[in-house]
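Enquirer: So that we are looking at the same thing, I have put the structure below in structure tokens.
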Amino acid sequence: MKCLVVLAHALNNSLSCHLAEETIKHMENKGYHVIIKDLYKENFNPVLTKEERNSYYEKQFDLSKLKDDIIQLQEAQSLVLIFPTWWFSFPAILKGWFDRVWAPGYAYNHASDLGAITPCLLNLKEVKVVTTLGAPWWVDFFVLRKPVNKVLKFALLGTCTKNCKFQMLSLYNSESLTKEKVSNFIKKIKATF
């Protein structure tokens with residue numbers, strides 16, 4: 001299965017990068033053909049251009065600066081997102097990847113009456129998420145009601161895919177972890193994915 005791993009962390013020695021290395025090894029050991037997209041290493045520009053936004057409702061979206069990225073997404077059967085949750089949201093670079101690459105005509109189609117959009121990422125069978133949060137689990141669950149999970153599961157996958165399996169693992173209190181807790185979380189990644 002063709003697997004696109006999207007990593008969004010600026011620091012090479014970060015916990016997210018360590019979790020990405022372990023997750024990638026695990027996916028490869030399971031027989032996935034892994035393609036790594038490190039948004040910071042690639043210096044991905046998260047800013048939706050005027051031309052791209054103006055083309056949202058045209059016959060053809062302006063993919064002149066995004067062709068390779070869009071092809072990567074369209075060809076993926078499995079997508080793994082690895083990122084820190086900052087302020088209970090995505091890092092800006094990852095949000096920009098969604099804004100620019102999950103584009104009309106490629107990730108979804110607008111309805112002719114501007115009603116509900118229809119999915120185009122029919123090749124995508126599974127999405128797996130690994131994220132870290134500085135907050136405790138109960139703040140994410142009870143206070144904010146899992147905003148990142150909702151955006152991914154309902155806004156993106158719910159509208160751009162069909163029958164796509166979704167799994168999300170969150171490592172809480174990430175700024176005060178022991179080696180044992182990190183090791184246990186890696187075991188959980190391997191057992192779940």
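Enquirer: Report yes if residue 176 is among the hydroxyl-bearing types (Ser, Thr, Tyr), over 19 Å from the mean Cα position of the chain (by Cα) and at negative phi, otherwise no.
Expert: Criteria met by residue 176.
Enquirer: Is it the case that region 93-108 has a residue that's in contact with an Asp or Glu (Cβ under 7 Å, 6 or more places away or on another chain), farther than 23 Å from residue 62 by Cβ and buried (at least 20 other Cβ atoms within 10 Å of the Cβ)?
Expert: no
Enquirer: Please determine, by comparing only the residues of region 141-166 that are assigned to a loop (DSSP other than H, G, I, E, B) and in contact with a Leu (Cβ under 7 Å, 6 or more places away or on another chain), which one is least open to solvent (accessible area, probe 1.4 Å).
Expert: Here is the first cut: in region 141-166, the residues assigned to a loop (DSSP other than H, G, I, E, B) are 144-146, 161-164.
Then keep just the ones that are in contact with a Leu (Cβ under 7 Å, 6 or more places away or on another chain); that gives 161-162, 164.
Working: 161: 13, 162: 122, 164: 29 Å².
Ranking the candidates gives 161 first.
Enquirer: Continuing with this model, one more query. Return the pair list, or none, for Cβ contacts closer than 6 Å from residues in region 93-104 that are more than 12 Å from residue 121 (Cβ to Cβ) to residues that are modelled with pLDDT of 95 or more and part of a strand (DSSP E or B), at least 6 apart or on different chains.
Expert: Within 6 Å, the pairs are 94/83.
Enquirer: Somewhere in region 131-140, is a residue among the aliphatic types (A, V, I, L, M), in contact with a Phe, Trp or Tyr (Cβ under 7 Å, 6 or more places away or on another chain), outside any helix (DSSP H, G or I) and modelled with pLDDT under 95?
Expert: no
Enquirer: Sticking with this one: If you take the residues of region 1-14 that are open to solvent by less than 40 Å² (accessible area, probe 1.4 Å) and part of a loop (DSSP other than H, G, I, E, B), which of them is farthest from residue 80 (Cα to Cα)?
Expert: 14
The values are calculated or read from the model by the stated rules, or taken from the named source; none is laboratory data. As the structure is a computational prediction, the values presented were derived from the model and not from experiment. Note that we place each Cβ from the backbone using ideal geometry, even for glycine, and neighbour counts take in every protein chain shown. With ligands, DNA and RNA removed, areas are computed over all heavy atoms of the protein, side chains included. Shrake-Rupley method; radii C 1.70, N 1.55, O 1.52, S 1.80 Å.
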